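Notes follow the structure.
The values are calculated or read from the model by the stated rules, or taken from the named source; none is laboratory data. These numbers were taken from a predicted model, which means no experiment stands behind them. Cβ placement follows ideal geometry from the backbone for every residue including glycine, while neighbour counts extend to all protein chains displayed. Just so you know, the surface numbers come from the protein's heavy atoms only, side chains and all, with ligands and any DNA or RNA stripped out. Shrake-Rupley method; radii C 1.70, N 1.55, O 1.52, S 1.80 Å.
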Amino acid sequence: MLRAARSAGFLQGVVSSPCVVVLLVCLQLSPALTTLCLSHGSSQAGGCVCASDILSCTAAGLDRVPGDMPASAVTLDLSHNQILQLEADSFRGLYRLETLRLAHNQLTKIHQDAFRNASGTLLRHLDLSSNQLHVLEQHYFLRLSGLEELLLFNNRIVQVESTALVGLASLRKAYLSHNRLTDFPFFSIQEHSHPHLSMLDLSSNRLPKLPLEDISNLPMRMQSGLYLHNNSLVCECSMYGLFRHWEQKNFSSVIDFQQEHTCLVYGIQRGTVRFFQHSRFFEKCNLTGASPKEQNSSVAVKVGAPVLLHCVTTLIGQHVTFLWVSPNQEYVAPPGNNGSLKMFTNGSLEIVAARVEDSGIYWCMSLDQRRQRNETQEVNVTVVLQGEGEQHEPFNTGFTTLLGCVVSLVLVLMYLYLTPCRCPPCLRAPPPATAAPSQGSEAAGAGSAQSSILTPTPPASTEGPGRKVSTNKHVVFLEPIREQQNGRLRAGPGGHLGPGLLLEQHSKQPRAGETDSVTSMFSDTERHITP
């Protein structure tokens, strides 16, 4: 009895401890902790492991998402199970969830509102790789505006609906390689809708043709991270020009996977070509001188030479068919007509040997029978005779304008920096003799030896304290600046004239007649300065 009393007292003391009371209350209110979070050793029997804010239920034999999961979970790992679909409100109450892994399951369907009442904007990483998804529907990721990384590789995806990725404004990386895609809505991932997207992996799919217009509208950040190797691309000039352009820009998506960039050649025998190594298959692309993206609506070709016309369209897929209409209203479909026109399954039309009567407007019509959409494009072909256009070169106005500017600049520099010739003064009668030179004549003689090209009117400043500049001070030419000393410019063995200008001093003082002759000779460039 004493021992029983002691045991009862011990239990009473333990229960009275506040920490134990809180623990018991939490266990009573959260039965999920007792049912899901088992020990690591018992997880092999079908349980889950809880560690801090991580809930791991990998290889637990689950066929559906478990219920009553702890709300504190930030990372939830349900990979390597047999989950068939995600029901509505499958992750209800997980308001802190940031990482969700569902790889290596049997997922075939994601029902609407599957991520409702979950973390929503907090969920950043979603792994749905190695499942059996067939179509990415528009409602799959509607409530995941904060998603940054989406893994969908190694599924059976054959179609991505045009609005499936629209709501993912924070998306940075998307992996859709190793699927069965025959087209992809590139127009739905433009700069305004996905400003942070820097990598899109579409490698190892079944893309037969690329929508060049939609891809070229993508920002360079997206183009540099677009992986398209190991697809079923048809060898054509438009595809070849796109990848060559990326190679010149040293995009890692092309440089790192040159061996895996292949295309299919159609002819007597269908084969695969590594086009970065075997560029001889694209020699005919030089016939037009431009890639389809840069090709104008007008093409000129010489008589007897071949020319290849591309049907540029945004329609892609195996259900797209092409048809050309020649200037004489002849309908051309693969493989061509009687031999003068050849048409390929990718929509390109080749004029084998151009004739004068082949000139005119060619119409290309592309039709998507499944979506009931069609597009048209016109190409104006001009067949010129041999030597025509070579006898007279077009007048290059840009070159003549540049040449005129250069000549004008040279003349201005010669006018500014070449010293004019010192012509002898005209012989005149000597001026009447004067008495002793005064201070004013001294100032005039000294001032007439100064030279520059400024205003013709004499300044009202003074040469020294209380002395004005003489009106006979004429300036002839401003010599080039030779050196700089103590913050003032120095022309040579002359004096300094102001903080930025200096004049060349002549060794002799010209006579009055010489001054007048010099003045009359350079009357167009006479100027005065203020010392």
Output the peptides 237-248, 49-60 sorted from most to least packed, where packing is the average of other Cβ atoms within 10 Å over each peptide's residues.
237-248, 49-60
Calculated from backbone phi, Karplus (6.51, -1.76, 1.60) coupling profile of the range 143-148 in Hz, x at Gly/Pro
9, 10, 5, x, 5, 10
At a Förster radius of 35 Å, what calculated FRET efficiency corresponds to the Cβ-Cβ distance of VAL135 and ARG274, to the nearest 0.05?
0.60
Heavy-atom accessible area per residue, the range 137-224, 1.4 Å probe: how many Å²?
39
Defining a contact as two alpha carbons under 8 Å apart and six or more residues distant in sequence, what relative contact order in percent does the range 116-185 show?
34
Which whole-Hz couplings ³J(HN,Hα) result when phi for each residue of the range 78-89 is put into the Karplus expression 6.51 cos²θ - 1.76 cosθ + 1.60, θ = phi - 60°, listed in order with x for Gly and Pro?
10, 6, 6, 10, 10, 6, 8, 7, 9, 6, 5, 6
Separation of the range 211-227 and the range 64-141 by C-alpha centroid, Å?
30
Built amide H within the under 5 Å cut-off of LYS109, gap 5+:
LEU86
Tensor-based shape of the range 155-209 (alpha-carbon gyration tensor, a/c under 1.5 rounded, otherwise prolate or oblate):
prolate
By its C-alpha gyration tensor, with a ≥ b ≥ c as the square roots of the eigenvalues, how is the range 192-252 shaped: rounded for a/c under 1.5, else prolate for a/b larger than b/c, else oblate?
prolate
Order VAL166, VAL299 by their accessible area, 1.4 angstrom probe, all chains in place, largest first.
VAL166, VAL299
Tell me, what ³J(HN,Hα) does each residue in the range 407-415 have, in order and in whole Hz, if you take phi through Karplus 6.51 cos²θ - 1.76 cosθ + 1.60 with θ = phi - 60° and put x for Gly and Pro?
4, 4, 5, 5, 5, 5, 5, 5, 5
